[in-house]
1. How many percent of the alpha carbon pairs in the stretch 81-142 exceed a separation of 19 Å?
2. Taking the mean number of other Cβ atoms within 10 Å as a proxy for protection, how do you rank 139-150, 95-106, 58-69 from highest to lowest?
3. What distance in nm separates the two pseudo spin-label positions at residue 47 and residue 160, each 7 Å out from Cα along the beta-carbon direction?
4. For labels at residue 134 and residue 101 in the simple 7 Å Cα→Cβ model, what's the distance in nm?
5. Per 10 Å bin from zero, what fraction in whole % of the C-alpha pairs of the stretch 7-171 is there, up to the bin with the longest pair?
């Protein structure tokens, strides 16, 4: 799969210093326009979307770069070589102040659909899109990748705070 320009995340210095780990790849997912954003605490339902007409059929790659988890939605344009970035969800639970529910939500009526907060390459504009998987196994793999990242973040935060506590004791 072709590399994509991800703004600051593609800085050459950043690439050398930061580990990049591809976690999951799914060849066919569907992105849907969501009728409206719900108030906090309200649940989304996939049957409110036009499931027969997705906004875009894409490939999904879940990749960890440093502290950030990237959900890359790409598609192949007719007559062009390689793939084109359609949408990006950049999740940084270590340095950011949001929780996972800000970025990825489950829906109330299906295990194959999610709501994902995507942004443009510079992170200036955001939108909520519905995400659908053809197979339940693929959706389960996606959930597992997200869960793996959340668990890794918890461990890393604990390790960093323990290291900071040890440094504080040494300084005294």
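1. 40 percent
2. The peptides rank, most packed first, as 58-69, 139-150, 95-106.
3. Using points 7 Å along Cα→Cβ, the separation is 4.2 nm.
4. 3.3 nm
5. Taking every Cα pair in the stretch 7-171, the percentages come to 9, 35, 35, 14, 5, 1, 0.
Each value in this text was obtained by applying a stated rule to the coordinates, not by laboratory testing. Keep in mind the model is a prediction, meaning the values are calculated, not measured. Note that we place each Cβ from the backbone using ideal geometry, even for glycine, and neighbour counts take in every protein chain shown.
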